[in-house]
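The values are calculated or read from the model by the stated rules, or taken from the named source; none is laboratory data. Here the structure is a predicted model, which is why all the values come from computation and not from measurement. Here the Cβ is made from the backbone with ideal geometry for all residues, glycine too, and neighbour counts use every protein chain on show.
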């Protein structure tokens, strides 16, 4: 096969791929350049044209968010960053832990209620939020989790879990059972197989679900704005949403905040993308 | 491992506990930002310093969560003592039992305020709250383009400077109200019934229809466009509120004046009164609350809010102070405030906005004003129809009891028949893996859902729930108010929702799959760079990117039409036709959603052993055959979950539609979930009906889920 590889690995051999990707990337980035332009133009006075590059550059919009203080003079921005990071990472850890184990059960065991369980997970995604908000508030209040990051993590993790389980179960199903059967012959326990064989082989799917869980928590604001009783316990999206008023929105400041909020997501994706593309094949397993 | 997770959860920092027993502590919620917030904080800070027995804590709650938070928190005793909000909801809040009437301190009797502002806060003969500020639209003018403000509207329209003589959010009824009132129209007649088809209402619509048709005003102007045109010197006159002050560029020399006169009468915009409310179940002492009310509403606090926060304050002794009378901007807004009509605070007002906005936009697209407002009147009547009659719960309880009995008996028999107990026992390890997720889901998802679903059997009005059985569902399904093909009927919206879902899922999957296939190969150059750049649309909060897309579809100024112009295509008015409006929504959501599908597919592609593809290649299969017969079948198990769930999410994805097409034209591009939200949050908080709507959506999706399960079983 080496004769193919030579041509496809050169720039010339893959020019059409680059042509498509460059066009798509430009379309993907054009609206985002507008966000950057709005963020860098002082106030809300960006000009209107098809040109997505700012005519003047100022960081005043960024300072507005980063410099927020409360009455006691506390630097709120760093509280928000801390809360967002804690909540999102905890959601990711809890979400992945619960869904890996549940997905393994769905993939490898037969038990009464299996189909109903998978169906029930799908069903949760169909509940329109409008029915849930007030009962959820009452539940959090009754359990004393109102105004605590733990309560938020619980809400976010359970929001993310159904997708994670479905995604992981689908991926686990593609891992050859022969591997596990061989391990059982060698005397390994179910738990050891799960931890030592199945999870390492599923790195692409775990990377996807990690990113998904993180995003679920990272961008949510309605519950956080409703549950938390102190501005120092808000998360970043709540702070961003304050720029949206009844009659007008401070778009410049919102855009600056939107950029700050998306940078960690990009960083996380960058860190995860290696795992995303190194799965079965890189694990050295030949079915 | 799970113990570790649980322990880490418990270690998360908990929020500070609220000391509710201290009668000197006053908790105040507000939604202010910028200088208004700074002014309020400075008043509170000096109060906290001067009074050792009073401590005020402020909490800024984002506007979008404010109402929901009040409704959830106050009845459960988690609410604030005081809160600052606009007067419009005073009717709704007082009937729903969220308020105690605020007692005015002796130093600030009600007659110390401009009467129109206290009148706005009266409901059912009771004065509920203390006015703090009033806001209305006024006329901004660019001193670099024109020398003076014309005295009447006709000469203003004759101004030659700029591209348009006048710019304002013409498709928004809040802005149109100034014209509506100028022609003598009022939303409520003397008996308190909605009347939006008076001759004055029709005449006012006729006027703006003509202005748009002659391009005297740009017909698709939203807030961002208005400030752009004003800042760029393309519009000498703009109608806008005090919040616009912050959007004007520093180098624009501008003035503010009251709105000019029409031949038929003075332009009278809506007046919004921001007020200090006393929440029900407040815990602070009367003395502490009095101290806060005096500090914020009194003369000193009022002047500070006027000077620093640029607020028009209704306290007469402050309003006549030179600080305000010598400030040309504040003075203009105060003068306009005297020529304004308070936004009605009756709960029925919530049902008026949406139909009137639709009527206005119909007229702007060239429809006749008379039939347009007649339709709005009919729609308002539909939203305000009385709740279903109370039903007798006994037959329902008997039915439920019977069902439980029969179901229980059937379950026991079935369990015996399939030997459930031994099978469960042998599957115990599986349940151990499942238990943590199952517990969490039950507590946080299923129980709240059942509680929410139960509400669909009730009708909510004025804070009280009455049992109506299945009558909410009957109303939705019978669609008696509209014909089946009417854009606002349940069935029409259902078809649009299905089309919306199919179109989006198709676009997401095909683009995401295509990109993932291009980017999977290890020898592909720059693949890491492309991958990171291509997930940017997913990473940026969609609230702002959706707005940018809306701007890109603007007929006169949008990038899409500018691009089409390169190929000689006539400018498209995207939101005035169902298909183009729908396409704009789909384009935006495709852009937002393809990165997710690309990431999922990239992960799923790794489940395909590379040597399988190489073997196929050696066997002489071409690229398409390899994709069709090797990649696709092997991809399916890992990709199907994302496709099924993606469809469910898209079905309920209302915020993109809300932000991009806003249902235009005539509500035809709305989807089912947006209706549920509107019934719950505008249209008089009809929670029961909203919940029934949500359950209908749930039912449809559930059937779809069954169908896909069958399909995947059949193909497996």
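Every listed requirement among (1) within 17 Å of residue A:27 (Cβ to Cβ); (2) facing chain A (nearest Cβ under 9 Å) is met by residue B:547 save one, (1). On the stretch given as the stretch A:91-134, residues that are more than 8 Å from chain B (Cβ to nearest Cβ) and either outside any helix (DSSP H, G or I) or at positive phi (or both) total 1.
What is the number of the single condition among (1) touching a residue at least 40 places away in the same chain (Cβ under 8 Å); (2) under 30 Å from residue A:245 (Cβ atoms) that residue B:552 does not meet? Going through (1) touching a residue at least 40 places away in the same chain (Cβ under 8 Å); (2) under 30 Å from residue A:245 (Cβ atoms) one by one, residue B:552 breaks only (1).
Consider residue B:495 carefully, then state whether it is more than 14 Å from chain A (Cβ to nearest Cβ), touching a residue at least 60 places away in the same chain (Cβ under 8 Å) and either surrounded by fewer than 21 Cβ atoms within 10 Å (Cβ to Cβ) or assigned to a helix (DSSP H, G or I) (or both). Give the steps one after another, and end with the answer.
Details: more than 14 Å from chain A (Cβ to nearest Cβ): yes; touching a residue at least 60 places away in the same chain (Cβ under 8 Å): no; either surrounded by fewer than 21 Cβ atoms within 10 Å (Cβ to Cβ) or assigned to a helix (DSSP H, G or I) (or both): yes.
Answer is no for this residue.
Applying the criterion of at least 2 residues that are in contact with a strand residue (DSSP E or B) (Cβ under 7 Å, 6 or more places away or on another chain) and in the same structural domain as residue B:356 (by TED's automatic domain parsing) to the helices (runs of 4 or more DSSP H) found wholly in the stretch B:372-455 leaves an empty list.
Out of all the residues in the stretch B:610-617, is one or more buried (at least 24 other Cβ atoms within 10 Å of the Cβ), assigned to a helix (DSSP H, G or I), modelled with pLDDT under 85 and in contact with a helix residue (DSSP H, G or I) (Cβ under 7 Å, 6 or more places away or on another chain)? No, there is no match, as no residue in the stretch B:610-617 is buried (at least 24 other Cβ atoms within 10 Å of the Cβ), assigned to a helix (DSSP H, G or I), modelled with pLDDT under 85 and in contact with a helix residue (DSSP H, G or I) (Cβ under 7 Å, 6 or more places away or on another chain).
One line per residue, one yes/no per condition, for (1) within 14 Å of chain A (Cβ to nearest Cβ); (2) assigned to a helix (DSSP H, G or I):
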| position | (1), (2) |
| --- | --- |
| B:141 | no, no |
| B:149 | no, no |
| B:155 | no, yes |
| B:163 | yes, no |
| B:171 | no, no |
| B:174 | yes, yes |
| B:181 | no, yes |
| B:190 | no, no |
| B:201 | no, yes |
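Would you confirm, using the coordinates I've provided, whether residue B:688 is surrounded by 18 or more Cβ atoms within 10 Å (Cβ to Cβ), in contact (Cβ under 8 Å) with a residue 40 or more places away in the chain and more than 12 Å from every other protein chain (Cβ to nearest Cβ)?
Values: surrounded by 18 or more Cβ atoms within 10 Å (Cβ to Cβ): yes; in contact (Cβ under 8 Å) with a residue 40 or more places away in the chain: yes; more than 12 Å from every other protein chain (Cβ to nearest Cβ): no.
The answer is no for residue B:688.
Criterion applied to A:179, A:260, A:168 was being over 24 Å from residue B:427 (Cβ atoms), assigned by TED's automatic domain parsing to the domain that holds residue A:97 and either in a helix (DSSP H, G or I) or touching a helix residue (DSSP H, G or I) at 6+ places or on another chain (Cβ under 9 Å) (or both), and the one residue passing it is A:260.
Residues considered: B:232, B:306, B:319. Of these, the only one that is within 14 Å of chain A (Cβ to nearest Cβ) and within 22 Å of residue B:140 (Cβ to Cβ) is B:232. Scanning the stretch B:512-538 for residues that are surrounded by 19 or more Cβ atoms within 10 Å (Cβ to Cβ), farther than 17 Å from residue B:645 by Cβ, within 36 Å of the chain's Cα centre (by Cα) and more than 7 Å from every other protein chain (Cβ to nearest Cβ) turns up just one, B:516. Considering B:650, B:682, B:631, the condition of being under 28 Å from residue B:469 (Cα atoms) and either surrounded by fewer than 18 Cβ atoms within 10 Å (Cβ to Cβ) or touching a residue at least 12 places away in the same chain (Cβ under 8 Å) (or both) is satisfied by B:682 alone.
Listed by position, the helices (runs of 4 or more DSSP H) enclosed by the stretch B:26-101 that each have at least 2 residues that are away from chain A (no Cβ under 11 Å) are B:34-50, B:90-95. Of the residues contained in the stretch B:268-275, none is found to be within 14 Å of chain A (Cβ to nearest Cβ), out of contact with any helix residue (DSSP H, G or I) (no Cβ under 8 Å at 6 or more places or on another chain), closer than 23 Å to residue B:171 by Cβ and touching a residue at least 60 places away in the same chain (Cβ under 8 Å). Is there a residue being at pLDDT below 90 and over 21 Å from the mean Cα position of the chain (by Cα) anywhere in the stretch A:207-224? No; the residues of the stretch A:207-224 include none that is at pLDDT below 90 and over 21 Å from the mean Cα position of the chain (by Cα). All told, residue B:580 meets the bar of being in a helix (DSSP H, G or I), modelled with pLDDT of 85 or more and surrounded by fewer than 20 Cβ atoms within 10 Å (Cβ to Cβ).
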